[in-house]
1. What trypsin sites (Lys or Arg not before Pro) does segment 252-350 have in DSSP loop regions with at most 10 other beta carbons within 10 Å?
2. Using θ = phi - 60° and the Karplus relation 6.51 cos²θ - 1.76 cosθ + 1.60, list the HN-Hα couplings for segment 189-200 in order, rounded to whole Hz, with x at every Gly or Pro.
3. Would you mind ranking MET367, MET253, MET319 so that the residue whose beta carbon has the fewest other beta carbons within 10 Å leads the list?
4. Roughly what % of DSSP beta bridges within segment 209-295 run antiparallel, to the nearest 5?
5. Relative contact order of the chain: what whole-number percent is it, with Cα pairs under 8 angstrom and at least 6 residues apart?
6. Given contacts defined as C-alpha pairs under 8 Å and at least six residues apart, what's the relative contact order of segment 229-378, whole-number percent?
7. Based on DSSP, what percent of beta bridges with both residues in the chain are antiparallel, to the nearest 5?
8. In whole percent, what relative contact order does segment 149-280 give with Cα contacts below 8 Å and a gap of six or more residues?
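Every number in this text was worked out from the coordinates using simple rules, so none of it is lab data. Because the structure is a prediction, the values reported are computed rather than measured. Because the Cβ atoms are built from the backbone with ideal geometry, glycine has one as well, and the counts that use them run over all protein chains shown.
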Amino acid sequence: MAETLFLAHRIPFPPDRGDKIRTFHELKHLAGLGPVHLACLADDEADAAHLAGLRAAIGPALGQAHVEIRRVSKAAAGVRALLERKPVSLTLFDSPALRGFVERLLAGGRIETLFAFSGQMAQFVPERLAARFVMDFGDVDSAKFEAYGAQGGAMALIHRREGRMLAEFERAVAGRADVSLFVSDAEAALFRQRSGLAGADIRALQNGVDLDYYDPEAKFTRVDERGPLIVFTGQMDYAPNVDAVRWFAGEVMPMLPKARFAIVGRKPAEAVLRLAGPRTIVTGAVPDVRSWLAAADVVAAPLRIARGIQNKVLEAMAMARPVVASPAAFEGIEAEPGRHLLVAGEAEAQAEAIAGLLDDPERARAMGQGARRRMEQAYRWEARLESLGEIVGDPVRKAAA
């Protein structure tokens, strides 16, 4: 039977952050089509130990797996990137051992499709490849670094260099991939415009949400917090999330004097920890993010830099919470502003939108219920990944043929 090799820059388990959510569901879907092997990196020993849980979740279709702890420091990666004239994103995730694993599997002649998630993993795809090459970029990473550079600051020159070099690399990769995937139509369109690859197969493969897990009626521990409570969720050492909560706490919260703000997510950066105070809660890692989403009177997604689909917005909507999102956080989400959520940009507009929901609980409740219905209509993972079999060539059907 034909087999698939799946590459990811982080082990796709547990599905508790944006990249892991997408890769877990992609890997699970591919495993339903035929045998799949995995080559990935892990953040640390605890992260690597999730391989057992991943095998249990995927089942016997998951074959050989190479999970390697990433030990290259940012400083070392930066020096190497300058010497080799490469993006830091590549040197930071490079691995001779992982490259060797990929080469050995491909040499066996059984791999019909190589599926790579995140641009960093494209460096492991040989120039001469007999297998079908599907490249899931997720987001246009080069555009993200360009946005970082445009903000100025001490890292601006480095970010602009990274954006420029990544754009060149992304274009070269898409030029040799059979299919290039992005998380939304907007990201796919942006890449087509930036790359100029008129003849390339560039598509959107949109994220879904686990509607059985993110269900307000499911069983989970409830958080007892006095309101009104505004909640933000996310990985809190991720620069766009750090920027969002700092801006929101400084610019929006002063206009909402009766409300409290909960920043919920693992690994809060020092700049986030400093926000903690009488009206701001910084939780760090929590056992179950649903507990805080259920407690929220409003979920805020005030990102100023964002690429692709914001899972935090989908999850809050699935939990039937009223969401106020920035235009950047809303981009790519198939929902109707004013009916399923509110979209507001400037601080005054966000404060006004949130205050309106806090002052009208019935409207907030109706919006949350509408959001849940919208997720049920369009965002089940099974529906979102339905085209994946055709994209990879459906190894099961090919083997049978």
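1. Those that pass, being in a loop and sparsely packed, are LYS258.
2. 5, 4, 5, 4, 5, 6, 7, x, 8, 5, x, 7
3. Numbers: MET367 24, MET253 21, MET319 27.
Ranking MET367, MET253, MET319 by Cβ neighbours within 10 Å, fewest first, gives MET253, MET367, MET319.
4. The antiparallel fraction comes to roughly 10 percent.
5. This gives 14 percent for the chain.
6. Dividing the mean separation by the residue count of segment 229-378 yields 23 percent.
7. 0 percent
8. On the way: 119 pairs, mean separation 22.8, N = 132.
RCO, segment 149-280: 17 percent.
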